[in-house]
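Quick notes on the structure that follows.
Each reported figure results from applying straightforward, stated rules to the coordinates on display, with no laboratory input. Small disclaimer: the values here were computed from a predicted structure and weren't measured. Glycine gets a Cβ as well: all are built from the backbone with ideal geometry, and neighbour counts include every protein chain shown.
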Amino acid sequence: MDRLKGRVAIVTGGARGIGEGIVRRFVAEGASVMITDVLDAEGQALADELGGQTAFHHQDVTSRDGWAEAVAATEARFGKLDTLVNNAGILYFAAFEHYTDEQIRRLIDVNLMGVILGCQAVIPAIERAGGGAIINMSSADGIAGANAVSVYGATKWAVRGLTKSLALELGPRKIRVNSIHPGGIYTPLANPMKVPKELYDKGYWIYPAQYAGEPKDIGAAAAYLASDDARYCMGTELSVDGGLNAGHYYMTMPGAPTPPAA
Ligand SMILES: NC(=O)c1ccc[n+]([C@@H]2O[C@H](COP(=O)([O-])OP(=O)(O)OC[C@H]3O[C@@H](n4cnc5c(N)ncnc54)[C@H](O)[C@@H]3O)[C@@H](O)[C@H]2O)c1
């Protein structure tokens, strides 16, 4: 468990959920991590728990100045920056015609603009460090369409596309850029009603995995993409979705899962 020894990462949206899962795995793999988020209490508590390998920095990913400060704070605290996980994101569930202007603009601002600004901000620092990796958090909804998440999904398709172009532009500059496509991970974003995990899992009978994933599942994927084990991965889209986007079931044919008893 020391695949990231000597690495220094920024994990945005690192205070809770998937970001927290990534922070914990990166630390276990030997990395130093700047946890950034708008949730100050949660982010600071996580850094306090994990100790000197981590620090917390308040950051709104939609601010270019905020990005410059986050990069500077990371280099000042840990001496360099070689890895960025653009994880921060928001989601509004709505029928397409019910998305408000405010929700649409906010989704684009956080989920797409935040990722673009982050990638721009870290390039000089990662080059100073001699190379590294950027991991962009897209979604299963950035691979296929889905109801109630149309505008959110559009931002995640954009992140997937951006990742491909950056892999091409930045690969020769020793920066690998890849995307992760989580689906059905048990976090506050995916479970706003706070349904208990055991009950929540029952809704996943339609997934090949038959249960919801956890932040640690994405932590493992991010650690892989950040590490030298993934040195030949550039523009890779890594689905970690319990098989959601593997295809679809013909429900009346053999091999389909059985719906849970009502
Ligand atoms: N949970 C899932 O099933 C799932 C599936 C696909 C993709 N994702 C993606 O994974 C990422 C993490 O999601 P999660 O499920 O852990 O959600 P979450 O809501 O638990 O965590 C998201 C974090 O991002 C932070 N954040 C939000 N806006 C921010 C901003 N402007 N600046 C800085 N930080 C901000 C939040 O404060 C929060 O800590 C998101 O990009 C999300 O779209 C999640």
What do you reckon, is Gly89 in a helix (DSSP H, G or I), in contact with a strand residue (DSSP E or B) (Cβ under 9 Å, 6 or more places away or on another chain), within 10 Å of the ligand (Cβ to nearest atom) and not acidic (Asp, Glu)? no
The one condition Phe56 fails out of (1) buried (at least 24 other Cβ atoms within 10 Å of the Cβ); (2) over 12 Å from Ile10 (Cα atoms); (3) in contact with a strand residue (DSSP E or B) (Cβ under 8 Å, 6 or more places away or on another chain) is (2)
Could you grab me the full set of residues in segment 198-232 that are within 28 Å of Ile134 (Cβ to Cβ) and in a loop (DSSP other than H, G, I, E, B)? Ala209, Ala212, Glu214, Ser227, Arg231, Tyr232
All positions within segment 221-243 that are under 15 Å from Ala9 (Cβ atoms) and either of a type in the set (Gly, Ala, Ser) or within 11 Å of the ligand (Cβ to nearest atom) (or both): Ala221, Ala222, Ala223, Ala226, Ser227, Ala230
Filter segment 1-37 down to the residues that are in contact with a strand residue (DSSP E or B) (Cβ under 7 Å, 6 or more places away or on another chain) and assigned to a loop (DSSP other than H, G, I, E, B), then identify the one that is surrounded by the most Cβ atoms within 10 Å (Cβ to Cβ). Gly14
Answer residue from segment 143-197, given it is near the ligand (Cβ under 8 Å from one of its atoms) and in a helix (DSSP H, G or I) and is surrounded by the most Cβ atoms within 10 Å (Cβ to Cβ) among those: Lys156
Single condition Gly247 does not satisfy, out of (1) over 24 Å from Asp2 (Cα atoms); (2) within 10 Å of the ligand (Cβ to nearest atom); (3) not basic (Lys, Arg): (2)
Count of residues meeting criterion [touching a residue at least 60 places away in the same chain (Cβ under 8 Å), more than 14 Å from the ligand (Cβ to nearest atom) and within 19 Å of Arg160 (Cα to Cα)] in segment 96-131: 1
Considering (1) surrounded by 14 or more Cβ atoms within 10 Å (Cβ to Cβ); (2) touching a residue at least 24 places away in the same chain (Cβ under 8 Å); (3) not in a loop (DSSP other than H, G, I, E, B), say which one Gly242 fails and leave the rest. (3)
Residue hits (segment 84-115; touching a Leu at 6+ places or on another chain (Cβ under 8 Å), β-branched (Val, Ile, Thr) and buried (at least 16 other Cβ atoms within 10 Å of the Cβ)) are Val115
Restricting segment 6-19 to residues that are out of contact with any Pro (no Cβ under 9 Å at 6 or more places or on another chain) and more than 11 Å from Val33 (Cα to Cα), the residue that is nearest to the ligand (Cβ to nearest atom): Gly13
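Taking Asp60 as the residue in question, decide whether it is free of Cβ contacts under 8 Å to residues at least 24 places away in the same chain, within 16 Å of the ligand (Cβ to nearest atom) and in a loop (DSSP other than H, G, I, E, B).
yes
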